[in-house]
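Enquirer: Handing you this structure, nothing more for now.
The values are calculated or read from the model by the stated rules, or taken from the named source; none is laboratory data. Worth saying up front: this structure is predicted, and the values here are computed from it rather than measured. Here the Cβ is made from the backbone with ideal geometry for all residues, glycine too, and neighbour counts use every protein chain on show. Quick note on the areas: whole protein, heavy atoms, side chains included, nothing else; ligands and nucleic acids left out. Shrake-Rupley method; radii C 1.70, N 1.55, O 1.52, S 1.80 Å.
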Amino acid sequence: LQRRGHLADLGFFSFEHYPYDPCATWKWQDLYEEPRLIRHIMDVWRRDGLPATVPMLVTEVNLAWQAGERYVDIAGGLWLADYVGTFFNAGGTGSYFFHYLPEPLGHACDGTRGTFGMHVSDRSFNIRQPTAQYFASKLISSEWVQPGRGQHQLFAAESNVHDDAGHTLVTAYAVHRPDGRWSLLLVNRDHDQAHEVTVVFDEAERQRQLGFSGGVDVITFGAHEYAWVAGQGDQDGHADPDGPPRASKRSVKPGDRFTLPAASITVLRGSVAPVAAH
C-alpha cells in the first residue's frame, strides 16, 4: 500500500518502446506482433503497481533501437499505425515520435540501410524525400483524428479478416471526433492481397447496428503510393513512388463495402446511420 501511494504521486510515467531486435532478419509477419507487444508491456506496468490514474507516456518509439530498411519501407508506416492505435486504445495518454530530424541512411547490423528520421537526407542533411513513417504520421494526426484541442472518444474495434494461421490481417481503430464524425483507421497488413470489408458500428444499448452513410472521406497510403527501392552496396536506396496518400470521397449507404489495398493504411471518415432492417 505504501508503494502504491508513492506511485500515485507521480505526475506521469514514461517509457521507451523499441520492440524488435535490430540485428534479426526482418520478416513481414513480424508486423502482426505489434498490437500484442505494446499492449503487453502496458499491462506489465499496471500489474507492477502503476495506478490507472497516472498518465502513461511513450517518449521514444520506433521499430528497434537501430534503424534499418524496415524503417523506410512501407512496413515502417504500417507498424506505426498499429502502434499508435493500440497504445491509445490500451489507455495511453501521449506518444512522442522523437526522431524528427532528417538523417542520412546508415548501415544497420541486419545488413540493410535505413534512418530513424521522418525524412531521408544527404550527407549535408539536406532533405531528399519523406519516409513511409512521415506519411503514416500525417495520416494519423491530420486525417484519422481532428487536429486541434478538441476531445476524441476512442472505441474498441475488431476485425474478422484472418489468414489460415490465425493472424489478424486487418486491424481497426475507431474514434468519434470533436466534429461529430466517426473515423476509422484500418491497417491491411496483408502484403499481397487487398481485402473488401463491411464496417458495422454496434450500438448495444439501443440494440441496433449502424454503418457509414452519405459522403465518406477515403484516404489511403500503401504500396501503390510508396515503395522502397533498396540500394546496392554503399549506394543509398530511395522511394519510388514516394507518396502522397490518395484521397477521394464516396457516397455510401450502410452495408456498402470498402476495398483496402494490400499493405496499406486507410482512413474512413464520415457520418453513420442505422442499418436497414430486412
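Enquirer: For the range 138-278, with equal point scatterers placed on the C-alpha atoms only and solvent neglected, what are the log10 I(q)/I(0) values from the Debye formula at q = 0.21 1/Å, to two decimals?
Expert: Cα-only, vacuum Debye calculation for the range 138-278: -1.36.
Enquirer: Related question: Considering only protein heavy atoms, what is the solvent-accessible area of residue 124 at a probe of 1.4 Å, reported in Å² to the nearest 10?
Expert: Rounded to the nearest 10, that gives 90 Å².
Enquirer: Another question, if that's okay. Per the Kirkwood formula on distinct C-alpha pairs, the Rh of the range 174-224 is how many angstrom? Intermediate values should be presented prior to the final figure.
Expert: Numbers: mean 1/r = 0.0745 Å⁻¹.
With all distinct Cα pairs of the range 174-224 included, I get 13.4 Å.
Enquirer: Could I ask something else about it? What shape does the chain take by its C-alpha gyration tensor, where a ≥ b ≥ c are the square roots of the eigenvalues and a/c under 1.5 counts as rounded, a/b above b/c as prolate, and the rest as oblate? Working shown, then result.
Expert: Working: a/c = 1.80, a/b = 1.16, b/c = 1.55.
Here the chain falls in the oblate category.
Enquirer: Using Stokes-Einstein with the Kirkwood hydrodynamic radius over Cα pairs, what translational diffusion coefficient do you get for the range 56-210 at 25 °C and a viscosity of 0.890 mPa s, in µm²/s rounded to a whole number? If you can, show how the numbers build up before the last one.
Expert: Numbers: Rh = 17.3 Å.
Translational diffusion coefficient: 142 µm²/s.
Enquirer: Additional query: Roughly how much of residue 100 is accessible, in Å² to the nearest 10, using a 1.4 Å probe?
Expert: 140 Å²
Enquirer: For the range 43-133, give the magnitude of the charge dipole about the Cα centre (Cβ charges: +1 Lys/Arg, -1 Asp/Glu; no others), in debye to the nearest 20. Working shown, then result.
Expert: Details: 6 positive and 9 negative charges, 19 e Å.
About 100 debye.
Enquirer: With a 1.4 Å probe and all protein chains kept in place, how do 184, 101 rank by accessible area, largest first? Show your work: numbers first, answer last.
Expert: Values: 184 15, 101 130 Å².
So, going from the largest accessible area down, we get 101, 184.
Enquirer: Which residues in the range 35-52 have a backbone N closer than 12 Å to a point placed 7 Å from the Cα of residue 8 along the Cα-to-Cβ line?
Expert: Backbone N within reach: 51-52.
Enquirer: Turning to a different aspect of this structure: May I ask which residue of 231, 263, 171 lies farthest towards the positive end of the charge dipole of the chain, with charges of +1 (Lys, Arg) and -1 (Asp, Glu) on Cβ and the Cα centre as origin?
Expert: Comparing the listed Cα positions along the dipole, 171 ranks first.
Enquirer: Next up: From largest accessible area down, sort 47, 113; use a 1.4 Å probe on the protein chains.
Expert: Values: 47 160, 113 30 Å².
So, going from the largest accessible area down, we get 47, 113.
Enquirer: So what's the back-of-envelope 222 nm ellipticity for the chain, counting only DSSP H runs of four-plus at -39500 (n - 2.57) apiece and dividing by all residues, rounded to 500?
Expert: On the way: 5 runs with 48 residues, N = 278.
About -5000 deg cm²/dmol.
Enquirer: Determine the relative contact order of the chain: mean sequence separation of Cα pairs under 8 Å and six or more apart, normalised by residue count, in whole percent. Let's see the in-between values first.
Expert: Details: 599 pairs, mean separation 46.1, N = 278.
Answer for the chain is 17 percent.
Enquirer: Here's another thing I want to ask about it. Run the accessible area of the chain with a 1.4 Å probe and give the carbon-and-sulfur part as a rounded percent.
Expert: Working: 7170 of 14150 Å².
The value for the chain is 51 percent carbon and sulfur by accessible area.
Enquirer: OK, next. Net charge near residue 91, counting Lys/Arg +1 and Asp/Glu -1 over other residues with Cβ under 14 Å of its Cβ?
Expert: Details: positive: 39, 46, 47; negative: 43.
Taking every Cβ under 14 Å from that of residue 91, the sum is +2.
Enquirer: Please work out how much length the chain gains when fully extended from residue 44 to residue 126, using 0.36 nm per residue of separation minus the C-alpha to C-alpha distance, in nm with one decimal.
Expert: On the way: separation 82, 0.36 × 82 = 29.52 nm, distance 4.16 nm.
That pair, residue 44 and residue 126, stretches by 25.4 nm at full extension.
Enquirer: Tell me, what is the 1.4 Å probe accessible area of residue 56, in Å² to the nearest 10?
Expert: Here the accessible area works out near 0 Å².
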